Amino acid sequence: MMQFIPTILLVATAAAAISDLSTGRISNWLSYSLAALAFVLYAAQGPIPAVIALLVMIGVLAASLPLFAFGLLRGGDVKMIVACSALVSYHYFWQFILYTMFAGGLLALFVAWRSGTLRQSVQSAGSALHPLLIGVVPRSLPFTTAKIPYGVAIFGGAALTALAMTTIPALRL
């Protein structure tokens, strides 16, 4: 059953991307059912893989909550990232998160370019980064005001992770 994880990952994240593009949100039922499926798959292997999958979910959720609190990610995005991380478990969850962040950065640049705010967004990112480098936390992060359909970035991260899991082992980190 574990050989189907890349396929499940791609199908679920494609559904999330389509949902995010069409409605602007990722459904809770998709994230929750994916998390439950991941837990059941690993529980079928024994208690230790199940506990590891649960710990991955808890760790990724804890790391994602500040991003949600600062408004950088929406709730559905966080839940989908947690569920996908549980599905790929400890073997690939770092890879999934890094690839998703990379895809999210590219998507943010594309959205800023499409909305005509690329120059302003890059300048705002620089003005927010400078205080961080000297140890001051900015009160707000003035990036592009256009909504970014992060479900697309999650799908991009999932696609690269699925490739690393199956056909292109050179993508493994």
Two-decimal ratio, the range 2-171, of alpha-carbon radius of gyration to 2.2 N^0.38 Å: 1.08
Difference of contour (0.36 nm per residue) and Cα-Cα distance, V122 to I18: 34.7 nm
Residues L160, L21, L9, sorted so that the one with the fewest Cβ neighbours within 10 Å comes first: L21, L160, L9
Convex hull (Cα only) mean projected area of the range 1-71, reported in nm² to one decimal: 5.3
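Any read-out appearing in this document is the output of simple, stated calculations on the displayed coordinates, not a laboratory observation. These numbers were taken from a predicted model, which means no experiment stands behind them. All Cβ positions, even for glycine, are placed from backbone atoms using ideal geometry, and neighbour counts span all protein chains on display.
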